[in-house]
Amino acid sequence: MNHKIVKTGIAIALSTGVLLSATNTQAYPPFLKASAKFGAKDCTFCHTQAEGGEGWNKRGTWLIAEKDKRKADKIDVAWLSEYGDKATETGASAAQASDKWAELETFHEVMSQTFHPVEEGKFAPIRNRAGELATKAKQWLDSKPPKIYDTPDIKAILVKLSAESKTLADGIAKGATDEQIKKDLTALHDRFHEIIGACREEKKKHQ
């Protein structure tokens, strides 16, 4: 009887191990796939174990630290564009090296996909994604900017952009006309490029 119990226990343990292994295998491919463009070939790109899970190398530890620093809900693999020499440099050299602002690029992507259709008389994209645009603007405002862009002037423009994005979304939710949407979205587009111009000027100062 005891022999049968032991065998049953081993079988359950093995089954549990296989199940956990399968769960881990299914959980990490999205991260691995997203990390491939940064050179990842397997989970040891960020983890100390080939199967992933707890235990992180310097890159993984850096990503976790970035999540806390950015006050993000989850890790974004895109942050790896700032890892490496840029993550370890200090002072002026680091400021020069780190000029990638992921939240800026994310906002610009949605802006581009909604503003240009309006130029062609197509308002469906902005009507459907105005809330998303406002969310991206708020995330950009709340994000940690690269040091060279961490200035009061750029922050002030970002505050305006976030507020104006929300006003646009609220207006659309209340039934704004195409004419009003085009006016507000064009002004928001101009505000975006005001930030781009300010960032360009700050970058020149550090060259």
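The numbers here are math on the coordinates, done by the rules we state, and not lab data. All values derive from a computational prediction rather than experimental measurement.
Output the pairs from LYS136/LYS203; LYS67/LYS183; LYS41/LYS203 with a Cα-Cα distance over 32 Å in this structure; if there are none, say none.
Check vs 32 Å cut-off fails for LYS67/LYS183; LYS41/LYS203.
In percent, how large is the relative contact order of segment 102-207, given Cα pairs closer than 8 Å and 6 or more residues apart?
The normalised contact order for segment 102-207 reaches 30 percent.
Kindly write out, for segment 178-189 in residue order, the coupling ³J(HN,Hα) from the Karplus curve 6.51 cos²θ - 1.76 cosθ + 1.60 (θ = phi - 60°), rounded to whole Hz, with x marking Gly and Pro.
4, 4, 5, 4, 4, 4, 5, 5, 5, 5, 5, 4
From the phi of every residue in segment 111-122, what ³J(HN,Hα) in whole Hz does the Karplus formula 6.51 cos²θ - 1.76 cosθ + 1.60 yield, where θ is phi - 60° and glycine or proline is x?
For segment 111-122, the Karplus-derived couplings read 4, 4, 6, 10, 6, 5, x, 4, 4, 9, x, 9 Hz, x marking Gly and Pro.
List the lysines whose Cα lies under 23 Å from the Cα of LYS204, skipping any in the same chain that are fewer than 8 positions away.
The qualifying lysines are LYS86, LYS100, LYS144, LYS147, LYS155.
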